[in-house]
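Novice: Here it is: the structure, laid out below.
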Amino acid sequence: MIGCCIFDLDGTLLDTLKALTYTTNLVMKHFGLGMVDEEHMKNFVGDGYKMQLERALRFCGDEKLRYLQESFPIYTELFARHCLHEVKPYEGIPELLAGLKDKNIRIAVLSNKPHARTLENIETIFGKGYFDYIAGEQPGIPKKPDPAGVLRILEALEMKKSECLYFGDTNTDMKTGLSAGLETVGVTWGFRERQELEAFHPGFVIDHPRQVWEEILVEI
């Protein structure tokens, strides 16, 4: 019996692509570099903002990463101001979450987005206290795909691995859920293609949140 669902944030619960692209491009502009389009940004995110900036800088011509270290505090400051820029939940996500809560299935978020911004995104869009557990990138806790974040959530919520599902939209998420020993669900409405998700052989790959009820939780 499933008692908990753990969700990635960017590309899984919330469409944050415009906020990520906008802020990254403000950093690129600061250094007099070119812009990153949204399609490329989809492949730059998912492994934390430092890797995101490294990929963006290379794409925009800074092959030697001369601006990398300098870009970190600039991005952090700008993202604090713009992290909600045109952010919205994906179609069907509010209904899915409400349905899970109605069934007393606990819901959690695990993101590689900085913790403060993770809280701001989730609590602004869904309300404070709506989720049972929220975790973003924090000092001392390895980022995904390390399973440490998942295991902390399971411990905090007193859930067994067999009782939890993990949802995500990137290869990083597939590695995270599978390495933690959870039934893992790839979602195609986010930042990556179905082929990338299927390469890791998750338990399910779905195209719309309603399939959680139709294909995964059919017995509940």
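Novice: Restricting to bridges with both residues inside the chain, how much of the DSSP beta-bridge set is antiparallel, in percent to the nearest 5?
Specialist: 10
Novice: Can you give me the % of accessible surface on segment 1-96 that is carbon or sulfur? Probe 1.4 Å, all protein chains present, nothing else counted.
Specialist: Summing carbon and sulfur atoms, their accessible area is 52 percent of the total for segment 1-96.
Novice: Still on this structure: What whole number of Å gives the distance from the Cα centroid of segment 92-165 to the Cα centroid of segment 1-25?
Specialist: With segment 1-25 and segment 92-165 each reduced to a Cα centre, they are spaced 11 Å.
Novice: Between exposed trypsin sites (Lys or Arg not before Pro) in the chain, where DSSP calls loop and at most 15 other Cβ atoms lie within 10 Å, what's the longest gap?
Specialist: 1-63
Novice: Give me the one-decimal nm value for the distance between modelled label points at His201 and Trp189, 7 Å along each residue's Cα-to-Cβ direction.
Specialist: 2.9
Novice: As I understand it, the dipole of segment 108-220 uses +1 on the Cβ of Lys and Arg and -1 on the Cβ of Asp and Glu, about the Cα centre. Which of Ala180, Ile141, Tyr130 lies farthest toward its positive end?
Specialist: Ile141
Novice: At most 14 other Cβ atoms within 10 Å and a DSSP loop assignment: could you name the GluC sites (Glu not before Pro) in segment 131-169 that fit?
Specialist: When the GluC sites (Glu not before Pro) of segment 131-169 are filtered for loop state and at most 14 Cβ neighbours within 10 Å, Glu158 remain.
Novice: With only Lys, Arg, Asp and Glu charged, each at its Cβ (+1 for the first two, -1 for the last two), find how big the charge dipole of the chain is about the Cα centre; round to the nearest 20 debye.
Specialist: 600
Novice: Sticking with this one: Can you tell me the length gained on complete extension of the stretch Glu86 to Glu214, counting 0.36 nm per residue apart and subtracting the Cα distance?
Specialist: Contour length minus the Cα-Cα distance gives 43.1 nm.
Novice: Now for a different question. Over 23 Å between C-alpha atoms is what I'm after, so list which of Lys103/Lys128; Lys88/Lys161; Lys88/Lys160; Lys88/Lys128; Lys42/Lys144; Lys29/Lys88 land there.
Specialist: Flagged as over cut-off: Lys88/Lys161; Lys88/Lys160; Lys29/Lys88.
Novice: If each residue of separation counts as 0.36 nm, what is the full-extension length gain between Glu95 and Glu70 once their alpha-carbon separation is subtracted?
Specialist: 4.8 nm
Novice: Still on this structure: Between Gly181, Gly149, Gly140, where does the largest GNM mean-square fluctuation fall for the chain, given springs only between Cα atoms within less than 10 Å?
Specialist: Gly140
Novice: How much area per residue is accessible in the chain when the probe is 1.4 Å and only protein heavy atoms are counted (Å²)?
Specialist: In whole numbers, the chain has 47 Å² accessible per residue.
Novice: To continue, here is another question. Based on DSSP H runs of at least 4 residues, each adding -39500 (n - 2.57), what is the mean residue ellipticity at 222 nm of the chain after dividing by all its residues, to the nearest 500 deg cm²/dmol?
Specialist: Computed ellipticity for the chain at 222 nm equals -12500 deg cm²/dmol.
Novice: Out of Gln52, Gln138, Gln195, any idea which swings most in a Gaussian network model of the chain, alpha carbons joined below 10 Å?
Specialist: Of Gln52, Gln138, Gln195, the most mobile in the Gaussian network model is Gln195.
Novice: Find how much the distance from Met35 to Ala156 grows on full extension, using 0.36 nm per residue of separation minus their present alpha carbon separation; answer in nm with one decimal.
Specialist: 39.4 nm is the gain from fully extending Met35 to Ala156.
Novice: Check which residues have an amide H placed less than 5 Å from Val205's amide H, if you skip close sequence neighbours.
Specialist: Those lying under 5 Å, H to H, from Val205 are Gly186.
The values are calculated or read from the model by the stated rules, or taken from the named source; none is laboratory data. Everything quoted here is computed from the prediction, not taken from an experiment. Neighbour counts are summed over all protein chains in view; Cβ atoms, including those assigned to glycine, are modelled from backbone coordinates with ideal geometry. Calculation scope for accessible area: heavy atoms of the full protein, side chains included, ligands and nucleic acids excluded. Shrake-Rupley method; radii C 1.70, N 1.55, O 1.52, S 1.80 Å.
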